[in-house]
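The values are calculated or read from the model by the stated rules, or taken from the named source; none is laboratory data. If you're wondering where the values come from, they're calculated on a predicted model, not measured in any experiment. Methodologically, a virtual Cβ is constructed for each residue, glycine included, from the backbone with ideal geometry; neighbour enumeration extends over all protein chains shown. Just so you know, the surface numbers come from the protein's heavy atoms only, side chains and all, with ligands and any DNA or RNA stripped out. Shrake-Rupley method; radii C 1.70, N 1.55, O 1.52, S 1.80 Å.
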Amino acid sequence: FFSLHGFDAEEDLVGNLVSMSTNERIKAIQKMPETMRKKREIRNKVLKEITKKSRHRGARPSCCTQCLQGAAVSFRRFGNTLSEYFHQLRVWHKTLKIIGAEFGTSVLSYFVFLKWLLNFNIFSFLINFGFITIPQFLAAEPNNLSFTGLELFTGAGYFQDTVLYYGFYTNATISKMENGPSYNMQLAYIFTVGIYFVICFLILLFSMAKFFSRNFINPQAFSVNASKLLCTWDFNITNEKAVKLKQKNLCTQIKEGLTEVNKEVQHFSIMERLLRVAIHLLAWVASLGTAVAACTGVYFLSINNLELFMKGHRNDLERQSAMLVLPVIVSLLNTLIPFFFSWLGHLERFQTPGQHIYVTITRNIILKMSMVGILCYYWLNIVATSESQCWETLVGQDIYRLVLVDFIFCLLGSLFGEFLRRIIGTTVCKSLGLPEFDIGRNVLDLIYAQTLTWIGILFSPLLPGIQMIAFFIVFFVKKVSLMRNCQPPCKVWRTAQMMTSFIFLLFCPSFLGVLSVIGVTVWRLKPSEECGPFRGLSSMYAAVAGWIQILESYTASKWVVWIYHNLITSALFFFILSSFVLIVIYLYWQIIQGRRTMTELLRKQINN
């Protein structure tokens, strides 16, 4: 009786599963509290029943249905092939796995950040090229200047009359047909740059939030100990090289977890504490004094450089050499002084590698952002008021040279700096050993380069494309230098929140400082009279105000005028919006604190 009852129940179950859709059927079978063998038997019975019914009905799909099914299968195969092809194009995917296995997450975080910036600049280049450069090609006049090759280093000469710089762009409305659609270059230029910075702002905010939730409040971040041994291995791996790489990666993760678990708190006597505080104070005085001296030198050098440029030179070679003095000195200071900061960090003997890296990053960002601030003051207050015919192009050329020379010094630092340090550590002074990868210095080099790119977008719209190529080369040069010249960190440590810190430093002070520079340029400074899309206007923003005045005469555009007057130019609206954002941030912060407390309670319960 019981066997018959069980047979009837199973028949009912199979009948119910047959009537379900494919996705519902799969989920229902997965949720059954049965063994895998039993689930397979039920699935096979369901498939047999479906096959019997289709044969019994004799339902042969129509020609149209067969064509649609064939097209769907072909499209799915094409999509899978395309995804595999794009997966192979991700040349850094395997590289990041190798770096993480060999050098740990601390070094890996630098390369992840570099890849993130590379993708960011690809997006920037596509926006500027699509909405600013391509329309300008339609109205461009032929360039009569000769190309000598020096322009690649100076950015002047032949490049001066190309789409690379602000001064080449027209202020006319572009139209290829007499009564056809037109393209207002002034509005396209300012709206493209403005919307681009809004998108950058949102991307940085969402990226910080994503990495923060992943590394600070995600409970999986706490899952070390036994789960690393029991639940991490991927049994789909069959390739021998992949197995060894996965073993190295897992070994490094376990070491990092054990370092956190076995972290010892060092106890110092009163005299030792006073000595450490004195060393820290002296190091900070030395680092800040060095930064002030470097910024003072750059300021006076920039003023002298403008005077030499305005006076002219006897020949073109002298003029080209004078252009390279400022970027070479600035890049030289940005390359040498961080080595001094790293040496100070080793003298201070921090308790953890994380403290050493964060202090070094703080000192480097003070140095680099101060120098960028001095250069921005020079561009906006001295170059912009000079007698130059097109001061925007001069600023664009300065930034182009700074980006290019900084890229060259970055390559030289990897090819010769780390290489020579390896030769010295392995032959001359073997007690030094192989060098470690300086994360703080290299990360600040990336933030400095991206800051220059953001500032230069208004004066050189194609600068993200140049930076994109530079970052791509830097990625592989740094990878080769790391593998050949550097050793893994002596103290293995886990860096869950480092990527969040990098993007936060990119957002503040870098991105917020750039917004202030762009704001002053657009709203306060008078554009050049003889070049660029805003020639003859009192400010770049006057183009938007003039456009709104034109729209006021059209009834269909009244809503745009209302938004402009009541939202965009209204201080009350931004005050209310800021208050609302602060309230939302406070509420989310309280939610995060509650989740963190709950996570700690759950961890204690698991331990119990």
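Our estimate of slack between CYS508 and ALA172, defined as 0.36 nm per intervening residue step minus the Cα-Cα distance, is 117.3 nm. Protein-only accessible surface at a 1.4 angstrom probe places the residues TRP589, TRP559 in the order TRP559, TRP589, largest first. For SER538, SER302, the ranking by accessible surface with the largest value first comes to SER538, SER302, using a 1.4 Å probe. Put a dot 7 Å past the Cα of ILE592, heading toward its Cβ, do the same for LEU13, and the two dots end up 4.7 nm apart.
Here GLU41 sits with roughly 80 square angstrom of accessible surface, probe radius 1.4 Å.
Ligands, DNA and RNA aside, SER481 has an accessible area near 10 Å² when probed at 1.4 Å. For an R0 of 35 angstrom, estimate the FRET efficiency from the Cβ-Cβ distance between SER182 and ALA571 and round to the nearest 0.05. For SER182 and ALA571, the calculated efficiency is 0.55.
Length available on full extension from SER74 to THR296: 0.36 nm per residue minus the Cα-Cα distance, which gives 73.3 nm. Spin-label model, SER579/GLU387: points 7 Å from Cα along the beta carbon direction are separated by 5.4 nm. Each residue was assigned an accessible area with a 1.4 Å probe, and for PHE472 the value is about 90 Å². Once the Cβ-Cβ distance of VAL560 and PHE137 is raised to the sixth power relative to R0 = 30 Å, the FRET efficiency obtained is 0.55. Quick one: if the Förster radius is 35 Å, what FRET efficiency do ALA209 and ILE473 give, using the C-beta to C-beta distance and rounding to 0.05? The value I calculate is 0.70.
Remark: spin-label model distance ARG40-PHE201 equals 5.9 nm, labels positioned 7 Å along the Cα→Cβ axis.
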